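Take a look at the structure below.
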Amino acid sequence: MAAGLPGVRLGLSTVRWLQSQSSSHLAVIAGGFPVMPGIISGLASRKQIRLIHVAGDRSDPAHGTVQRLPFATISQQDLEFFKQLLPGRTITDPDLLESCNTDWIKSVKGSSEVLLRPQSTQEVSQILRYCNERRLAVNPQGGNTGLVGGSVPVFDEIILSTALMNRVLSFDHVSGILTCQAGCVLENLSNYLEERGFIMPLDLGSKGSCHIGGNVATNAGGLRLLRYGSLRNTVLGLEAVLADGKVLNCLVALRKDNTGYDLKQLFIGSEGTLGVITAISILCPHKPNAVNVAFLGCSSFQQLLETFQCCRGMLGEILSAFEFLDASSMKLLEKYLKLVNPITESPFYIVIETAGSNAAHDEEKLHSFLETAMSSSLVTDGTVATEESKIKALWAMRERIPEALRHDGYNYKYDISLPVEKIYQLVTDMREHLGDRAKNVIGYGHIGDGNVHLNVTSPTKDPALLAAIEPFVYEWTARFRGSISAEHGLGLKKKNYIHFSKPPEAVAIMGNIKSMLDPRGILNPYKTLPDCLR
């Protein structure tokens, strides 16, 4: 529903018409209403409208401008309430707020003046009950490692951080079920479990900063998905606080529970728009006794795919990861991070990890696979690591690519899911499409689950380059029935492109669910759902 225009809603046909119009004639504000550019500039001067940082000067329906919805602004009375509720944990210092207002890749920046740091579910409940009554918008935030602008405010939303909700609540050594608060850092959970002979089913390059609650809220994928599946499979239960402060306790520790609707799935991947996740229970596998990592080179992407087929057939149950990076990624690692390529230069590289209970058995299977791959010329060169330090060194060639990209200029990041055979065609077609307008176009990602991370860099932020990338990348993805977000979510940057991956009926149902659980729209506004639903 458009702010200030109660009772008026645009149909999807109108939205499609708006998307076909020239951005020089129209801009679209939240709610989908076309307004003249002069009105836009007037609202912007009063801070009621924000030009989305990722969109430069464009004002089309997908990028353009976001109008501040009619939420209350925080008052001194509000601050007094929060300070009484959270003594010493209500932060208003602009210097301390700076990092929480800015996303990890510094592409989106909000202007929140208040950071709240609760320690318990009850405190979160009291915060949301109060904010809902006052209609104060709230931006839930975990480790702030998101890449689509979903974890930072757009305007002056109150930042609700889970950083102090970092306790392990229980761990069952028999079942391997861990129950913890949402603010636990992923790497800390991994260390906790490894001391007890288990591991997290999730592993990410940002594990030193990201929170498990944020991982669940974005349905993060990561490096172990091939072996252990997504968080939709491994999260057994969760606790969430709804917009009105009600606590939804679905924190079961059961592998089987077929009683009614599986409500936890609504919150997994909802990006904080339906409720604030405060605790989770997750099924954790035993720590493997033997881990091997192979770093291999391939002369073509077709050979890489054939290597994957061979690998799955010969390694079977011990295969835990199959990742790839291209030659352009390797050059950035060498140039900016001074990492040394451990094998002969190749057009493509593969990282394969095996994890099992019997070292001799696993090594024999891996040796047999490598022998087959080399003798059939699928692989041109390779190296294998079994020691922990060498394993980490090989994994760094894949995990540190985002770090290298940050040194290469302004990043345009895309997280696309496609049929496996089409993954790299997107990269090559984008290179051809952009020509010399981009500094670099690189691809890397998870072959095992059909997920490519397409990255385009330029010396500085370049609206003309962005206009060439989008919506080309999303139209290309839709043509091959892919998803415009494999694991990063939609956030602020991709919300208005959801129709490339979801039919209108599905988007409408999502809007109905949002309206039911958060009728005043205070939770992470401007994110995930398209503007036409507001």
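The values are calculated or read from the model by the stated rules, or taken from the named source; none is laboratory data. Only a predicted model underlies this, so the values are computations on that prediction, with no experimental measurement involved. Glycine also receives a Cβ, built like all others from the backbone with ideal geometry; neighbour counts cover every protein chain displayed. Side chains are part of the model used for accessible areas, which takes the heavy atoms of the whole protein and leaves out ligands, DNA and RNA. Shrake-Rupley method; radii C 1.70, N 1.55, O 1.52, S 1.80 Å.
What do you get for trypsin sites (Lys or Arg not before Pro) in the stretch 258-364 restricted to DSSP loop and a cutoff of at most 14 other Cβ within 10 Å of the site's Cβ?
On the way: sites: 264, 312, 331, 335, 338; in loops: 338.
Sites meeting the loop and neighbour criteria: 338.
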| message | Let me check something: with ligands and nucleic acids excluded, how do 300, 357, 346, 377 order by accessible area (1.4 Å probe), largest to smallest? | response | 357, 377, 300, 346
| task | Give the longest segment of the chain that steers clear of chymotrypsin sites (Phe, Trp or Tyr not before Pro) in DSSP loops with at most 15 neighbouring Cβ atoms within 10 Å, not counting the sites themselves. | result | 1-260
| aspartates and glutamates near residue 514 by alpha-carbon distance under 15 Å, same-chain residues fewer than 8 away left out - which ones? | 244, 271, 505, 531
| query | Scattering from the C-alpha atoms of the chain alone, worked out with Debye: what is log10 I(q)/I(0) at q = 0.10 1/Å? | reply | -0.83
| task | Identify all aspartates and glutamates with a Cα-Cα distance to residue 331 below 12 Å; exclude those on the same chain that are fewer than 8 residues away in sequence. | result | 345, 408
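If you count only protein heavy atoms with a 1.4 Å probe, what accessible area per residue comes out for the stretch 379-484, rounded to a whole Å²?
40 Å²
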| remark: So the pair-distance distribution of the stretch 216-347, from every Cα-Cα distance in 10 Å bins, comes to percents of 10, 28, 24, 21, 14, 2
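Note down the net charge around residue 273, summing +1 for each Lys or Arg and -1 for each Asp or Glu among other residues with Cβ under 9 Å from its Cβ. Working shown, then result.
Details: positive: 514, 527; negative: 271, 518.
Within the 9 Å Cβ shell, the charges total 0.
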| task | Give me the aspartates and glutamates in straight-line cross-link reach of residue 83: C-alpha distance below 16 Å, same-chain residues under 8 apart excluded. | result | 93, 113, 123
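Per residue, how much accessible surface does the stretch 86-236 expose to a 1.4 Å probe? Answer in Å², no decimals. Provide the component values of the computation, followed by the final result.
Numbers: 5420 Å² over 151 residues.
Each residue of the stretch 86-236 exposes 36 Å² on average to a 1.4 Å probe.
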| message | Take residue 98 and residue 436, extend 7 Å from each Cα along the Cα→Cβ direction, and tell me the distance between the two endpoints in nm. | response | 3.9 nm
| query | For labels at residue 79 and residue 376 in the simple 7 Å Cα→Cβ model, what's the distance in nm? | reply | 6.8 nm
| Global form of the stretch 400-480, assessed from the alpha-carbon gyration tensor, a/c cut-off 1.5 | oblate
| query | If each of residue 336 and residue 364 carries a label point 7 Å out from its Cα toward its Cβ, how far apart are those two points in nm? | reply | 4.5 nm
